[in-house]
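Peer 1: Okay, here's the structure, questions in a sec.
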Amino acid sequence: MLIFKIFRTDEWQSLRTNGKTTGAPIDVADGYIHFSTANQAAETAAKHFAGQEGLFLIAAETDNLGQELEWEVSRGDDLFPHLYREMTLSDVVWAQPLPLEDGVHQFPAGLEEAAE
């Protein structure tokens, strides 16, 4: 199953340059890297990245993240994937820009089907 991380341009560039990351400031503060499922990603973008340009959507395969990936109750009592280790560039299945049009982030067509 694919899960998703939204990075700002500088965070994505840091991962590409260094080959690993502890995530965004909120990830560092919380002690784990926040991910979303395909069904949760748009709400995550709207809630935490409203109006922000220069974002990237990063996909990772749950089967490749090991035992450090935990599913925990969060927003709306949904289970969210949290990674309790550094994220590495080898964890990335694909990455692409997440454009902002008319104030709404444009996710890839068929994201939910592609994530399964």
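Read the figures in this text as sums done on the coordinates, not as results from a lab. Only a predicted model underlies this, so the values are computations on that prediction, with no experimental measurement involved. Virtual Cβ from ideal backbone geometry, glycine too; neighbours counted across all protein chains shown.
Peer 1: Against the conditions (1) closer than 16 Å to PHE107 by Cβ; (2) exposed (fewer than 14 other Cβ atoms within 10 Å of the Cβ); (3) touching a Lys or Arg at 6+ places or on another chain (Cβ under 8 Å), where does SER36 fall short? Just the number, please.
Peer 2: That leaves (2) as the condition not met.
Peer 1: Something else: What's the total number of residues in segment 56-69 that are part of a strand (DSSP E or B) and closer than 21 Å to SER14 by Cα?
Peer 2: Residues meeting the conditions: 6.
Peer 1: Sticking with this structure for a sec: Mind listing just one residue for me: the one in segment 10-32 that is polar (S, T, N, Q) and within 24 Å of GLU72 (Cβ to Cβ) and, of those, surrounded by the most Cβ atoms within 10 Å (Cβ to Cβ)?
Peer 2: First, the residues of segment 10-32 that are polar (S, T, N, Q): 13-14, 17-18, 21-22.
Then keep just the ones that are within 24 Å of GLU72 (Cβ to Cβ); that gives 21-22.
On the way: THR21: 22, THR22: 14.
Only one residue fits best here, namely THR21.
Peer 1: Answer with yes or no whether GLY23 is of a type in the set (Gly, Ala, Ser) and out of contact with any His (no Cβ under 9 Å at 6 or more places or on another chain). Explain how you work it out, then say what you get.
Peer 2: Details: of a type in the set (Gly, Ala, Ser): yes; out of contact with any His (no Cβ under 9 Å at 6 or more places or on another chain): no.
Criteria not met by GLY23.
Peer 1: Right, next: Can you spot a residue in segment 13-21 that is touching a Leu at 6+ places or on another chain (Cβ under 8 Å) and hydroxyl-bearing (Ser, Thr, Tyr)?
Peer 2: yes
Peer 1: Of these, GLU43, GLU72, GLU53, which one is free of Cβ contacts under 8 Å to residues at least 60 places away in the same chain, part of a strand (DSSP E or B) and more than 19 Å from VAL92 (Cα to Cα)?
Peer 2: On the way: GLU43 fails: part of a strand (DSSP E or B); GLU53 fails: part of a strand (DSSP E or B).
That would be GLU72, the only listed residue that is free of Cβ contacts under 8 Å to residues at least 60 places away in the same chain, part of a strand (DSSP E or B) and more than 19 Å from VAL92 (Cα to Cα).
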